[in-house]
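Read the structure below first, then the notes.
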Amino acid sequence: MMMLTNLSEKREALTRKELIKLFWQYQLHYAYSINFENWHGDGYAFCMAPLFKKYYDKDGQKDGMIRQLDFHNNEQTTASVVWGVMVGMEEQKALGENVDDEMIRTTKSALMGPVAGIGDSLIQATIVPLLTTIAITLTGDSNSPLGSILYMITTPIILWGYAYFLYNKGYTFGRDAVMMLSGSMLDKIRSAIQVFGIIVIGALSASYVKLETVLKFSAGKGTEPIVLQDILNNIFPNLLSLLLVVGCYFLVSKKNVSITKLIVLLMVGVVALSLLGLI
């Protein structure tokens with residue numbers, strides 16, 4: 001937990017003006033830096049800078065930025081609710097409430113999966129295509145500018161209005177949850193969030209990580225070849241995929257291998273094993 005000596009003299013809650021500034025900070029600068037190391041993590045750290053500057057000295061600001069740098073991949077508009085929760089929790093932490101770093105980080109990670117799913121389905125697959133279709137229809141064969149003008153006006157109004165509503169709800173939830181929870185209850189909530197996060201990561205791993213071997217051998221001439229993958233599936237389905245996930249977790253958590261190095265290692269491994277005819 002951050003030492004109180006890193007706090008500045010400003011201990012009052014965020015003003016409405018500051019909350020609005022943080023909303024626009026997120027909306028306009030969230031996607032400035034997207035990378036394979038932490039995806040949107042840099043955006044969260046940068047957008048939270050005004051809050052950290054208000055409450056902390058240089059060391060405290062550095063600790064806060066590191067706390068928000070964790071990997072996060074989300075649909076920006078709907079994830080305004082996550083941003084609101086983070087602002088509320090960071091504010092309460094700075095005001096001296098019992099909020100440790102792990103609580104903030106696990107909450108952010110646990111919300112990533114479900115919020116991203118809702119956001120992609122609602123915004124990317126429904127609202128934006130619908131508005132685009134309406135604009136194209138209004139443009140018609142005459143190339144009327146009405147469709148484009150309507151799209152440029154209605155899209156930000158709808159999306160930013162929706163985002164602002166979620167941001168306020170998220171901020172209220174993050175602030176009030178911290179104020180209501182304490183002691184053993186806070187520990188139970190933290191554990192529940194961690195378990196939920198593990199379930200989400202496990203589900204994603206099972207759905208998207210696929211590693212199979214193409215090795216097969218024959219017991220004799222003219223006999224049906226035995227496929228090694230079929231044998232492994234009968235013993236433990238997706239065993240190789242599980243070992244790959246566990247191996248990556250071990251390298252990152254125990255050996256401190258960076259995500260970038262891990263990606264390069266996986267690319268080299270896939271090419272090498274493919275050339276050897278193993279996968």
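The values are calculated or read from the model by the stated rules, or taken from the named source; none is laboratory data. Predicted model, so just to flag it, every value in this text is computed and none were measured. Cβ coordinates were reconstructed from backbone atoms using ideal geometry, including for glycine residues, and neighbour counts include every protein chain displayed. Ligands, DNA and RNA are stripped out before the accessible areas are found, and what is left, the full protein with its side chains, is counted by its heavy atoms. Shrake-Rupley method; radii C 1.70, N 1.55, O 1.52, S 1.80 Å.
Values computed for the structure shown
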item: Net lengthening on full extension, Ser142/Ala203 (0.36 nm per residue, minus Cα-Cα); result: 17.1 nm
item: For the stretch 239-279, alpha-carbon Rg and Dmax in angstrom; result: 11.0, 30
item: Overall form of the stretch 112-163 per C-alpha gyration tensor (a/c, 1.5; a/b vs b/c); result: oblate
item: Rg ratio (alpha-carbon, reference 2.2 N^0.38 Å) - the stretch 66-146; result: 1.60
item: Accessible-area ranking of Met86, Met112, largest first, probe 1.4 Å; result: Met112, Met86
item: Listed residues Ala203, Ala110, Ala79, most fluctuating in the chain (Gaussian network, C-alpha, under 10 Å); result: Ala203
item: FRET E, pair Leu130, Glu224, Förster distance 51 Å, beta-carbon r, rounded to 0.05; result: 0.40
item: Accessible area in square angstrom per residue, the chain, 1.4 angstrom probe; result: 58 Å²
item: Phi to ³J(HN,Hα) by Karplus 6.51 cos²θ - 1.76 cosθ + 1.60 over the stretch 23-33, Hz, x for Gly, Pro; result: 4, 6, 4, 5, 5, 9, 10, 4, 9, 4, 10
item: Amide hydrogen neighbours beyond the local backbone of Tyr56, cut-off 5 Å, H modeled; result: Ser8
item: Residues Leu122 and Ile149, FRET efficiency given R0 of 30 Å [Cβ-Cβ distance, rounded to 0.05]; result: 0.75
item: Whole-Hz couplings from phi, Karplus 6.51/-1.76/1.60, listed for the stretch 96-104; x for Gly and Pro; result: x, 6, 7, 10, 9, 4, 5, 4, 5
item: Exposure ranking of Glu12, Glu91, Glu37 by accessible area [1.4 Å probe, largest first]; result: Glu12, Glu37, Glu91
item: Cut-off 12 Å between beta-carbons: net charge of the residues surrounding Gly247, Lys and Arg +1, Asp and Glu -1; result: +2
item: Rounded to the nearest 10 Å², the accessible area of Lys216 at probe 1.4 Å; result: 130 Å²
item: J(HN,Hα) series, the stretch 127-141, from Karplus relation 6.51 cos²θ - 1.76 cosθ + 1.60, nearest Hz, glycine and proline x; result: 5, 4, x, 5, 5, 5, 4, 4, 5, 5, 5, 5, 5, x, 6
item: With Cα atoms, 0 to 90° folded angle of helix 146-180 axis to the chain main axis; result: 80 degrees
item: With all protein chains modelled, accessible area of Glu102 [1.4 Å, Å²]; result: 90 Å²
item: Contact order normalised by residue count of the chain, Cα under 8 Å, 6+ apart, percent; result: 18 percent
item: Nitroxide proxy distance, nm - points 7 Å out along Cα→Cβ at Lys261 and Asn168; result: 4.8 nm
item: Val271-Leu243 pseudo-label distance in nm [points 7 Å out on the Cα-to-Cβ vector]; result: 2.4 nm
item: Most to least accessible of Cys248, Cys47 (protein chains only, probe 1.4 Å); result: Cys248, Cys47
item: Accessible area of the chain belonging to carbon and sulfur atoms, whole % at 1.4 Å probe; result: 68 percent
item: Gyration tensor verdict on the stretch 46-192 (Cα atoms; rounded if a/c is under 1.5, prolate if a/b is larger than b/c, oblate otherwise); result: prolate
